[in-house]
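Read the structure below first, then the notes.
The values are calculated or read from the model by the stated rules, or taken from the named source; none is laboratory data. Owing to the predicted nature of the structure, the values given are computational and were not obtained by experimental measurement. So basically every Cβ, Gly included, is an ideal-geometry build from the backbone, and we count neighbours across all protein chains shown. Only protein heavy atoms, including side chains, enter the accessible area calculation; ligands, DNA and RNA are left aside. Shrake-Rupley method; radii C 1.70, N 1.55, O 1.52, S 1.80 Å.
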Amino acid sequence: RSKSAGRSTWMEFDETMAAELEHRQGLETELRSAVAAREIEPWYQPIISTQSDRIVGVEALARWQHAERGLLLPGLFIPLAEESSLIVELGQAMIDRCCQEMYPLIREGRLDYVSVNLSTRHLRSPSVVEQIAATLASHRFPPSALQLEITESLLLIDFEQAEERLSQFRALGIRIALDDFGAGYSSLSYIRRLPLDVIKIDRSFARDISSDGQAEAVVKAIVQLAQALNLGIIAEGIETESQALRLTSCGCFVQQGYLFGRPMPLRETKQYLEAGLNPMHTTQRKP
Ligand code: C2E
Ligand code: MG
Ligand code: MG
Ligand code: MG
């Protein structure tokens, strides 16, 4: 390989990197103003109980209504927001809006709670507990109707601090769910040591449970463990009736997935909740 070829490769690489950086900076600027302009909005996905056939709650999932690029999914902008304190503003705006939008529905008894994802970086920010408490108070939102979902990936870095913050949330009455359990680097020590209320079983288990007896055995073990530790369980990513039935037979009654409903904007969420729909139930009752 000649020297000049090497150099031109480097220059191209440089240019690509510069373009990439410019693109990212552009996107970050756009995201910053989108957060400020409240263009990041929660969509809601139902969480149902196969035992009572009720909608028990919803998970709020961030969506960015971008003027030119259309609807953007969180995979595109949450990691970017997490690179700076923008994730704190975004997370705070999400909680504020969820409280505002879900309060009337919770008061009417259409659902018990809204579950919001909390980034580890947000959990680390100094006044997170006070800020969330103030948001709840400003909406007179009952703390027990808020669930915060955390992921375990970065909790180990300062375990004591994470543990303390989570305890403070729980002392306020807020529920804590451990998201995506069983995926990646999950460690059993987390669920023993962290102050938790609920474990959300990663959707890879729902995916594998119809074809793979081992996945079923692991789900049963997780359910037993949760029962022993007095934790609730939510199974994620249920797409078919057979997955729903198998998870139910494993003792996993609270479920979330496309089978019951995709994440949807507020208007549709209200219609869904008013109908009190559980699609499995309606299918079964069809003549
Ligand atoms: P997550 O918290 O684990 O949320 C569940 C994801 O699975 C959502 O993707 C949801 O649309 C998707 N999903 C639900 N049911 C099914 C199903 O039956 N099949 C399949 N294949 N997927 C299903 P989404 O909305 O793209 O969000 C991706 C991730 O982005 C979330 O994963 C969460 O970690 C993060 N995220 C979303 N909104 C927020 C937010 O407001 N704040 C923070 N910090 N993170 C968020
Ligand atoms: Mg989640
Ligand atoms: Mg997650
Ligand atoms: Mg999840």
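Details
- For the pair ASP53 and GLN214 in one chain, pulling the backbone fully straight at 0.36 nm per residue adds 55.2 nm over the alpha carbon distance.
- In percent, rounded to a whole number, the relative contact order of the chain is 19, using alpha-carbon pairs under 8 Å and six or more apart.
- Gyration tensor verdict on segment 38-146 (Cα atoms; rounded if a/c is under 1.5, prolate if a/b is larger than b/c, oblate otherwise): oblate
- Expressed as a whole percent, the accessible surface of segment 177-235 that belongs to carbon and sulfur atoms is 47, based on a 1.4 Å probe.
- Estimated FRET transfer efficiency when R0 is 45 angstrom, pair ALA133-GLU83 (beta carbons, to 0.05): 0.95
- Karplus-based coupling profile of segment 54-69, in residue order and whole Hz: 10, 7, 8, x, 9, 9, 8, 10, 5, 10, 10, 7, 8, 4, 9, 9, with θ = phi - 60° in 6.51 cos²θ - 1.76 cosθ + 1.60 and x standing for Gly or Pro.
- Solvent-accessible area per residue, Å², over segment 74-231 with all protein chains present [probe radius 1.4 Å]: 46
- Cβ-derived FRET efficiency at R0 22 Å, LEU76 paired with ARG262, nearest 0.05: 0.80
- Prolate/oblate/rounded call for segment 114-200, Cα gyration tensor, a/c under 1.5 rounded: prolate
- Each peptide in 101-113, 55-67 gets a packing score, the mean of other Cβ atoms within 10 Å over its residues, and the list from highest to lowest is 55-67, 101-113.
- Within the shell of other residues whose beta carbon sits under 12 angstrom from the beta carbon of SER210, the net charge comes to -3, with Lys and Arg scored +1 and Asp and Glu -1.
- Rounded to 5, the percent of DSSP beta bridges in the chain classed as antiparallel: 45
- Net length available on complete extension from ARG192 to ALA37 is 51.7 nm, with 0.36 nm assigned per residue and the Cα-Cα distance removed.
- ARG124, ARG262, reordered so the largest accessible area comes first (probe 1.4 Å): ARG262, ARG124
- Whole-angstrom gap from segment 142-221 to segment 49-95, using each part's C-alpha centre: 18
- Surface listing: MET17, MET94 arranged by accessible area from highest to lowest gives MET17, MET94, probe 1.4 Å.
- Segment 231-236 - phi-based ³J(HN,Hα) in whole Hz, Karplus 6.51/-1.76/1.60, Gly and Pro as x: 10, x, 10, 10, 9, 10
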